[in-house]
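All remarks here apply to the structure that follows.
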Amino acid sequence: MRLLILTQYYPPEIGAPQTRLAAFARHLVQRGHEVEVVTAMPHHLVGRTYDGYRGKLYMRDNVDGVPVHRTWVYAATGTGLKRIANYLSFAMSSFIGLARARRADVIFVESPPLFLSVPGWIAAVATGAKLVFNVADLWPDSVRELGVMGDGPLMRFAERLEAWSYRRADIVNAVTDGIDATLRGKKHVPAAKLRFLPNGIDVERFAPQAPSERLREMLCLDGRPVFIYAGTHGIAQGLHHVVDAAARLREEAVVLFVGSGPTKPALVERALRARATNVRFIDPVPLDSMPDYFALAAASIVPLVRSSVTRGARPSKLFPAFSCGIPVIYSGEGEGAQLVADAGAGIVVPPEDSAALAEGMLAVARDPVARERMSQAARKLALDRFAWSNIVDAWLASLPEGGAAV
């Protein structure tokens, strides 16, 4: 099978879709399939195109043996019209990459952004390829729930585009059980179209290891327990509650924020105002370095705000921690919370509750026996259910003739 992935985000950018799609592509290649990627010039989170890619309309490179076609994008972060312009600019320029790629049997479109369904469908019609629409986030439901976009002409257009995208796709992937249930019920996507392609993890790349004393010294860590949040600093995470929890534990814990995103400046300011000297903000680091950071931590904090959309989420931030054998403190509700609780891979606290989060952090830090039990359960969960090799095999097996005739 020849598969073409159309996505706005791909390495060398750091983030959930970038990591997930690169692993997906790599495992498909290992199974003898041919994969190419059409994506934007790297720009995610920083609001500008990366050095070495700036000023180019098109370029081709290679990531892990996969040919990657990159096209121009209006680099922007945050919300509002600039972000819409960011999405639309790549949706238009992606035709250049699609024209340069080899003819594919399957065009695999990553959403969000939702706009990519249009160039993906046009390319599929033009080449006779099958169209797979991968729903990693229920957009526009999520932006409405989070207050990013209200009802109005733009929202109505987005809802029509969403419904059109599901109709035009030959296969619609759901990344979580919650998304699958919404697609079947509220969105009325025919069951025959639906497939399940959850987030996973490279269990060899992310594995338990001894803490690095060099890294501990570089970060000026003392003997206090360390907790880590690693990922996008966005609206859906409600990270100000994590800062507030850290401020309650100035003398008892250190909290590392690793990554970047639109809310990071406000978080830094909040920590300064609260005199939370135990908070460290660290710029994004290479993916291969993350096991070193997890190894320093008593637990990984995975927070989400309270909403109907986040209750159906299964954050990708869970899986690197699981695979590294690090317990998770899940501040949220729904599918992710149930996953952590059922496996005994951490503890669950209510969302948007800094006091409960602080208490949970202390509970993990003060009970090494329970922490070790959660650590072993986390690693076992990653190996048993979320190894990318197993996920890709199951997805391929769910396709007609194992992917030979999608």
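Read-outs throughout are calculated quantities, based only on the coordinates presented, and are distinct from any laboratory measurement. Computed from a prediction, not measured in an experiment: that's the story for all the values here. Cβ: placed from backbone, ideal geometry, glycine included. Neighbour counts: every protein chain shown.
In the chain, the DSSP-assigned H stretches of four residues or longer account for a calculated mean residue ellipticity at 222 nm of -12000 deg cm²/dmol, using -39500 (n - 2.57) per stretch and the full residue count as denominator.
Report Rg(Cα)/(2.2 N^0.38 Å) for the chain, keeping two decimals. Write down the numbers at each step before the final one.
Details: Rg = 20.8 Å, N = 406, 2.2 N^0.38 = 21.6 Å.
Here the answer is 0.97, to two decimals.
Show which lysines lie in cross-link reach of K193 when reach means a straight Cα distance below 26 angstrom and same-chain residues fewer than eight apart are skipped. Partners found: K130. Here the Karplus curve 6.51 cos²θ - 1.76 cosθ + 1.60, taken at θ = phi - 60°, turns the phi angles of segment 122-129 into couplings of 4, 5, 5, 5, 5, 10, x, 7 Hz, with x standing for Gly and Pro. When the chain is described by a simple charge dipole with +1 on each Lys and Arg Cβ and -1 on each Asp and Glu Cβ, the residue from M1, M218, L197 located farthest towards its positive end is M1. Note on the chain: dipole from Cβ charges, positive end direction compared against P113, V369, S300; the farthest Cα belongs to P113. Given +1 at the Cβ of Lys and Arg, -1 at the Cβ of Asp and Glu and no other charges, the dipole of the chain around its Cα centre is 880 debye to the nearest 20.
Taking other C-beta atoms within 10 angstrom as a stand-in for reagent exposure, R144, R156 fall in the order R156, R144, fewest first. In terms of its alpha-carbon gyration tensor, segment 213-385 comes out rounded; the largest-to-smallest axis ratio a/c stays below the 1.5 threshold.
The charge dipole of segment 213-385, taken about its Cα centre with unit charges on the Cβ atoms of Lys, Arg (+1), Asp and Glu (-1) only, comes to about 100 debye. Taking every C-alpha pair closer than 8 Å and separated by at least 6 residues, the mean separation divided by the residue count of the chain gives a relative contact order of 13 percent. Excluding same-chain neighbours fewer than eight residues apart, the lysines reachable from K380 by a Cα-Cα span under 19 Å are K317. At a Förster radius of 51 Å, what calculated FRET efficiency corresponds to the Cβ-Cβ distance of R214 and K186, to the nearest 0.05? With a Förster radius of 51 Å, E is 0.50.
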